[in-house]
Amino acid sequence: MAKENKDLEKVKNKIPLYVTVYEEIFSMINRGEFKLGEKLPGENELAKMLNVSRGTLRQALLLLQEDNIIFNYQGKGNFITNNKFKINETAQKEVIIATACNIQEYSGIEAEVAFQLPTVKLQRALNIESTRMVAAFDIDFYINGERVCYMVAFLPYDNISEYNIDFKDKKSIAASLFEYVEKNVMDIRTKLTIIEVEKEHRKKFDSENTKSLAVFDEIVHSDLGMPIATMKTYCVPKYYEFYIKRK
């Protein structure tokens, strides 16, 4: 059995050692020592790095798997899923499907915004009058030049006008939208469907290898229970890991 790390021994009587090992590995991921989608070192090497036994390490790895921080490919090892995602008291909300579930970093994000009067469908979804202007966001996500995700979102313009978003700055539009949603969300109602790529989708997803898309239809509600946005996200499944937490 490997000699336990002295620093870890100091807290051994307070919390289980495997929990401390869990936190240490998670901190290493957040510091960028292990990258998104990268394979963790093997158990022997990792146990040696942390100066803990393989039994202690395996308990920590199981916790990391349960929290969807890593995933295990049988016979291949453990891989980092999304190092931005962890549920605890201090974690920032990750509510945007495209940025919460990607298993590779994006090489580019492009966004545009337009303004229009709401359709009847949007009036019902956002509970607004026909004369209330909405902002329509179109956002494309790329990995190595390939569009892997497309998102369209609609928000009442007067809800976001106070945020001083620079709608001419295409580089900041997406980040501003994500920040607004994450600050104001209390509840999201999501419908997931898997669709075959049809001719109309080829304008966005032109890869012949893309046969299907995961589509998320969402309505975002504030803490007052009012709808503040609708979002529809099309994802190429192989670039994402989707998790459903149920009780």
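Can you find even one residue in region 197-211 that is assigned to a strand (DSSP E or B) and at pLDDT 85 or above? Break it down stepwise before answering.
Filtering region 197-211 for residues assigned to a strand (DSSP E or B) gives none.
No, every residue in region 197-211 fails to be assigned to a strand (DSSP E or B) and at pLDDT 85 or above.
Given the conditions (1) modelled with pLDDT under 90; (2) among the aliphatic types (A, V, I, L, M); (3) open to solvent by 40 Å² or more (accessible area, probe 1.4 Å), which single one is not true for L117?
Going through the list (1) modelled with pLDDT under 90; (2) among the aliphatic types (A, V, I, L, M); (3) open to solvent by 40 Å² or more (accessible area, probe 1.4 Å), L117 breaks only (1).
Of the conditions (1) without any contact (Cβ under 8 Å) to a residue 12 or more places away in the chain; (2) not in a helix (DSSP H, G or I), F79 fails just one. Which one is it?
Result: F79 fails condition (1) only.
Looking only at residues in region 161-188 that are assigned to a helix (DSSP H, G or I) and aromatic (F, W, Y), which one is nearest to V95 (Cα to Cα)?
Of the residues in region 161-188, the ones assigned to a helix (DSSP H, G or I) are 161-163, 170-184.
After this cut, where a residue has to be aromatic (F, W, Y) as well, the list is 163, 178, 180.
Details: Y163: 19, F178: 8, Y180: 11 Å.
My answer is F178.
What pairs come up if the first residue lies in region 100-117 and is on the phi < 0 side of the Ramachandran plot, the second is hydrophobic (A, V, I, L, M, F, W, C) and surrounded by fewer than 16 Cβ atoms within 10 Å (Cβ to Cβ), and their beta carbons are under 7 Å apart, counting only those six or more places apart or on different chains?
Here the result reads C101/F242; F115/M133; L117/M133, each pair linking region 100-117 to a residue that is hydrophobic (A, V, I, L, M, F, W, C) and surrounded by fewer than 16 Cβ atoms within 10 Å (Cβ to Cβ).
Could you please give the count of residues in region 119-153 that are part of a strand (DSSP E or B) and closer than 20 Å to K203 by Cβ?
Of the residues in region 119-153, the ones part of a strand (DSSP E or B) are 134-143, 146-153.
With closer than 20 Å to K203 by Cβ added as a condition, the list becomes 136-143, 146-153.
Summing the residues that are part of a strand (DSSP E or B) and closer than 20 Å to K203 by Cβ in region 119-153 gives 16.
Results for (1) in a helix (DSSP H, G or I); (2) modelled with pLDDT of 85 or more, shown as yes or no for each residue.
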residue: K14; (1), (2): no, no
residue: T20; (1), (2): yes, yes
residue: G32; (1), (2): no, no
residue: Q65; (1), (2): yes, no
residue: N68; (1), (2): no, no
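Could you please find all residues in region 138-160 being among the aliphatic types (A, V, I, L, M) and either in contact with a Leu (Cβ under 9 Å, 6 or more places away or on another chain) or open to solvent by less than 20 Å² (accessible area, probe 1.4 Å) (or both)? Don't jump to the end; show me each part of the working.
We begin by selecting, within region 138-160, every residue among the aliphatic types (A, V, I, L, M); these are 139, 143, 148, 151-153, 155, 160.
The answer is I139, I143, V148, M151, A153, L155, I160.
Filtering region 214-233 down to residues that are assigned to a strand (DSSP E or B) and of a type in the set (D, E, K, R), which residue is least open to solvent (accessible area, probe 1.4 Å)? Give the derivation first.
Narrowing region 214-233 to residues assigned to a strand (DSSP E or B): 214-221, 227-233.
With the extra rule that they be of a type in the set (D, E, K, R), the set shrinks to 217-218, 232.
Numbers: D217: 58, E218: 11, K232: 64 Å².
Taking the candidates together, the pick is E218.
Please give the number of the condition E200 fails out of (1) touching a strand residue (DSSP E or B) at 6+ places or on another chain (Cβ under 7 Å); (2) over 14 Å from A98 (Cβ atoms).
Every condition holds for E200 apart from (1).
So that you can scan it fast, the table gives a plain yes or no per residue for (1) surrounded by fewer than 19 Cβ atoms within 10 Å (Cβ to Cβ); (2) at pLDDT below 90:
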{"residue": "C101", "(1), (2)": "no, yes"}
{"residue": "S107", "(1), (2)": "yes, no"}
{"residue": "V113", "(1), (2)": "no, no"}
{"residue": "A136", "(1), (2)": "yes, no"}
{"residue": "E162", "(1), (2)": "yes, yes"}
{"residue": "I173", "(1), (2)": "no, yes"}
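The values are calculated or read from the model by the stated rules, or taken from the named source; none is laboratory data. Only a predicted model underlies this, so the values are computations on that prediction, with no experimental measurement involved. Backbone-built Cβ (ideal geometry, glycine too); neighbour counts: all protein chains shown. What goes into the accessible areas is simple: the full protein's heavy atoms, side chains included, and nothing from ligands, DNA or RNA. Shrake-Rupley method; radii C 1.70, N 1.55, O 1.52, S 1.80 Å.
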